[in-house]
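Participant: The structure that follows is given in the form of structure tokens.
No lab work stands behind these numbers, since they all come straight from the coordinates. These numbers were taken from a predicted model, which means no experiment stands behind them. Don't worry about glycine lacking a Cβ; one is built from the backbone with ideal geometry, like all the others, and counts go over all protein chains shown.
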Amino acid sequence: MSPAGRELHALWSVVRRNFHLVRRYLGWELVFLFYNVINTLTIALIAFALPPADRDRTIIYLTIGALLWNFLSILFQEVASSVSWERWEGTIEYSFMAPIHRLTYLAGVCMYAVLYGVLRTIVILVAVALFFHIHLARADWLGAAMILAGSSLPFIGLGLIGAVLPLLSTERGAQATQVIQGVILLVSGIYYPISVLPGWIRWMSHLSPATYTLEAARRAILNGEGPLHLLPLTIKLFLSGLILVPLGLAVFQLAEHWAMRNGTLKRSG
Amino acid sequence: MDEGSVSPKAVAVEGQGLWKEFSTKKWVGAKRQVTRSYALKGVDLAVQRREILGILGPNGSGKSTLIRLMATLLIPDQGWLKVFGLDVIRDRQRVRRLINRVSVEASFFKKLTARENLAYAAGLYGVSNAKAQVEATRILASLGLQRDKLEVPLETLSRGQQQKIAIARALLTSPTLMLLDEPTTGLDPTSRRDVQEFVLNVRREHDSTMVLCTHDMAEAERLCDRIAIIHEGRIIAVGTPADLIASYASGGGLEDAFFHITGLDQERLRAEAEGDG
């Protein structure tokens, strides 16, 4: 097998392993999916407290926020928790002593996260559509798909940075990734426009890729703006991904080096 | 030279002046307390090709640290270490292609079946799933493990069965250097015997060098060409089992030689070894 073929084979092994794990923890996965569906419906139902004229638009506004947050948080969480999961199983030393580039291993984790995130988001979307009978005739799905693809990269980059934390601290690293996720949720305008945020925190919205993703997705689905109109935002997201992915990878490799120096790859530290 | 092949003249493992220190940090009230301990203190070692080198030492003597350095999982603070002439830091990727490891904990995804775990592990080394499954079935049959055990989640298997699957996982990648870190600790006598026989078979049939950490003196005497005794981070004696016995325990066994060399209390060490099991 050629070196490139070996790397691709290894990448697929990581993706397949994760889908095997989903199958083994199917009960939990179904519970989480059920919770996500209910959570999305609950959030969208807030719109029914508004006058009928604003209702439909608000349902879609909130649903987009819930769906995108669901997708992006799966992406971020799967990537960020890959290290803590392997540490918990005790397999991390075996995965990390394999003769593959770290990028291959992480790309496998990311590819699984994207596939799994899309799958779950589709299920939730179907459930929401059936529940509310919402009309999305104006939506530009090509534009929305383009935005979703563009936003994956920066979130993978953020996930890689988050994955570093369990390498640095065996005890508190995984919890710290939840803090990052919480801050992104607060500042990115998932369920409200960022203009409602207090001034001292609003600047953080401009740093979050989720802010641009949501703005573009809402413009595509609510206003029917097509790929051409959304191109500047897509390019912005793509460029932020081009910065965040190599940055995340570099930070990850530095952290791995640190862990190898300090002996923290091992489960017990 | 192909990245998976090795120079025929290269020593399998060669290291000099290896030091490794670990620190643990904890908060005591408002003060951060750092405790430092040396796992290795200037270790020199050489393992010849096709040799089985045993590393004997009490708990905390530095055995696993040494194995982890060879496995490219740790970076030494000082000194250098080469595997078949390749530096474990600079040539890490090429070293990884030559080695595999069986550790004292069988370290698997516990909910996955043995087949799924082996497919993952083999995939990381570029071994096709079909080839891995055939080879794993063959290896496990020779270790006395029934075929149906491959189809159930690892968590339902005994420790001995899991350890046999760990050995199959390591061998699937045809490593030139096998690192065996207490592979038989906690196994029942039959499983222990199966694993030991298998190690000897592998050595007979393959171009494989092995480094074996163990607490079990009989195992070390049976399997190893030479034994290095490590104590408090230093290798304090190296030789064939017969040489060590002749030099340090004339009329006795390897265990007597070990206690003589380390100056340790026999009863305490036995209790520790039983505790591990």
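Participant: Quick one: what do you get for segment A:3-262 if you divide its Cα Rg by 2.2 N^0.38 Å?
Facilitator: Working: Rg = 19.0 Å, N = 260, 2.2 N^0.38 = 18.2 Å.
The value comes to 1.05.
Participant: Relative to the longest principal axis of the C-alpha atoms of chain B, give the angle of the C-alpha long axis of helix B:159-171, reported between 0 and 90° and rounded to the nearest 10°.
Facilitator: Rounded to the nearest ten degrees, it is 80.
Participant: Okay, moving on. Rounded, prolate or oblate: which one fits the protein assembly as shown, using the alpha carbon gyration tensor with axes a ≥ b ≥ c (rounded when a/c is under 1.5, else prolate when a/b beats b/c, else oblate)? Present the calculation step by step, with values, prior to reporting the outcome.
Facilitator: Numbers: a/c = 2.52, a/b = 2.19, b/c = 1.15.
Note, shape of the protein assembly as shown comes out prolate.
Participant: Moving on. Going by a ≥ b ≥ c, the root eigenvalues of the Cα gyration tensor, does chain B fall in the rounded group (a/c under 1.5), the prolate group (a/b larger than b/c) or the oblate group? Don't skip to the answer; put the middle values down first.
Facilitator: Working: a/c = 1.33, a/b = 1.28, b/c = 1.04.
Note, shape of chain B comes out rounded.
Participant: Now a separate question. In terms of modelled amide H atoms, which long-range or inter-chain residues lie less than 5 Å from the amide H of B:I227?
Facilitator: B:G54, B:G239, B:T240
Participant: Another question, if that's okay. What average count of beta carbons from other chains do you get within 10 Å of the Cβ of residues in A:95-105?
Facilitator: That works out to 5 on average.
Participant: Past 26 Å, Cα to Cα, is the threshold; run B:K82/B:K149; B:K41/B:K82; B:K111/B:K131; B:K9/B:K164; B:K110/B:K164 against it and keep the listed order. Each step should come with its number before you reach the end.
Facilitator: Working: B:K82/B:K149 38 Å; B:K41/B:K82 18 Å; B:K111/B:K131 23 Å; B:K9/B:K164 32 Å; B:K110/B:K164 15 Å.
Flagged as over cut-off: B:K82/B:K149; B:K9/B:K164.
Participant: Ignore the peptide's own chain and count Cβ atoms of other chains within 10 Å of each Cβ in B:114-125; give me the average, rounded. Don't jump to the answer; show the numbers that get you there.
Facilitator: Numbers: counts 0, 1, 6, 4, 0, 4, 12, 6, 3, 13, 17, 8.
The per-residue average across the peptide is 6.
Participant: Scan segment A:117-224 for trypsin sites (Lys or Arg not before Pro) in coil per DSSP, keeping those whose Cβ has at most 15 other Cβ atoms within 10 Å, and list them by number.
Facilitator: Numbers: sites: A:R120, A:R138, A:R172, A:R202, A:R218, A:R219; in loops: A:R138, A:R172.
The qualifying sites are A:R138, A:R172.
Participant: For peptide A:179-188, how many partner chain Cβ atoms fall within 10 Å of a residue's Cβ, on average?
Facilitator: Values: counts 0, 0, 0, 0, 0, 0, 0, 0, 0, 0.
Mean partner shielding for this stretch: 0.
Participant: At R0 = 30 Å, how high is the FRET efficiency between B:E21 and A:M204 if r is their beta carbon distance? Nearest 0.05 is fine.
Facilitator: Working: r = 40 Å, r/R0 = 1.34.
Computed FRET efficiency for B:E21 and A:M204 comes out at 0.15.
Participant: For chain A, take the longest principal axis of its alpha carbons; what is the angle in degrees between that and the long axis of helix A:209-222, to the nearest 10 within 0 to 90?
Facilitator: Roughly 40 degrees, rounded to the nearest 10.
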